[in-house]
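Working notes, beginning with the structure itself.
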Amino acid sequence: MAAPRRGKLTVFLGYAPGVGKTVAMLEAAALARKAGRDVVVGIVEDHGRAFTASLAAGFETLDRASVPYQGRTFDELDTEAVLDRAPEIVVVDELAHTNVPGSGPRAKRWEDVAAILDAGIDVFTTINIQHLESLGDVVGSIIGRVQHERVPDPFLRTADEIELVDISPVALRARLVDGNIYAAAKVDAAMSNYFRLGNLTALRELALLWLADRVDEGLEEYRDAKGIRETWAARDRIIVAVTGGGYRPKCVYSQGVSTLVLIGICRPSLSGSRCHPRY
């Protein structure tokens, strides 16, 4: 018996809490259901937001797994229930979540999602840019704290579709002040810490650049598949001139720039000897 096809992974990417990832995911799920797909909710975190809860209420929702831990009970995604139900699409919020110890054989929710995909079930999920493993140090320098919940980039690169859910930092801060993200008691602290305008702008830029790199990878794959060799001026390129001396040039890197061209520069001698660039 042939193994099932791998499910398709759709990721709704944002740069901060409150940009609308879960809403966008649920709206996409509603469109899929309207088109005749079998869609269920595995887990959605509405964080007390009435509008998000109202969107999720329209779906068949699987029971969560209740896990006792250190005197408390936590609700986790019941991966086995998803596999038993075997829908066409399952909605799984907060991909970077760390499972409570004792909740199952996998420590991370992205590992649960991988198991669901291996069973041939499509997954809609959400993540913020701060949780990408490759950007952990950069994000830490921006927000001033280490982000422990991370998802490996190679897993995200397997996504069949990544949709950026975007809103301007000014509009996001207004949404925060209006009480649409956190409870009123948390707004002042959030505004002066994570939700500072500079923080949000930097995180937004990271999200845009990371996604631009994924788009460029997709374009290169398309060009290779179609045998297209001529240059398309769809991205910025950097040309750097280096000398032909005996030292090793430093690596030059710019996130969001896909091509780096090194040109060796040398000066012909007065005797007219020819110059042979090294790079």
Simple label model, 7 Å out from Cα along Cβ direction - Asp118 to Arg223, nm | 3.6 nm
Could you please report the charge total around Arg223, scoring K, R as +1 and D, E as -1 over all other residues with beta-carbon less than 10 angstrom from its beta-carbon?
-> -2
Segment 84-184: relative contact order from alpha carbon pairs under 8 Å, six or more residues apart, as a whole percent, is 22 percent
Where in segment 19-63 does the amide nitrogen come within less than 18 Å of the point 7 Å from the Cα of Asn180, taken along Cα to Cβ?
-> 19-28, 46-56
Can you give the net charge of the other residues whose Cβ lies under 10 Å from the Cβ of Thr22, counting K and R as +1 and D and E as -1?
-> -3
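If you filter segment 81-149 for trypsin sites (Lys or Arg not before Pro), then keep DSSP loop positions with at most 13 other Cβ within 10 Å, what is left?
Values: sites: Arg85, Arg106, Lys108, Arg109, Arg145; in loops: Arg106, Arg145.
Sites meeting the loop and neighbour criteria: Arg145.
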How much of the accessible area of segment 56-182, probe 1.4 Å, is carbon plus sulfur, in whole percent?
-> 48 percent
Using amide H atoms built 1.01 Å from N in the peptide plane, name the residues 5+ places from Val151, or on other chains, whose amide H lies under 5 Å from its own.
-> Leu132, Glu133
Which pairs, out of Lys108/Lys226; Lys8/Lys108; Lys34/Lys186; Lys8/Lys186, put more than 30 Å between their alpha-carbon atoms?
-> Lys108/Lys226; Lys34/Lys186; Lys8/Lys186
Relative contact order (%) - segment 32-140, alpha-carbon pairs under 8 angstrom, separation at least six | 24 percent
Output ³J(HN,Hα) for segment 66-72: one whole-Hz value per residue in order, computed from phi by the Karplus curve 6.51 cos²θ - 1.76 cosθ + 1.60 with θ = phi - 60°, and x for Gly and Pro.
-> 8, 10, x, 7, 6, x, 10
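The values are calculated or read from the model by the stated rules, or taken from the named source; none is laboratory data. This is a predicted model, so every value here is computed, not measured. Virtual Cβ from ideal backbone geometry, glycine too; neighbours counted across all protein chains shown. These area figures cover heavy atoms from the full protein model, side chains too; ligands, DNA and RNA do not enter into them. Shrake-Rupley method; radii C 1.70, N 1.55, O 1.52, S 1.80 Å.
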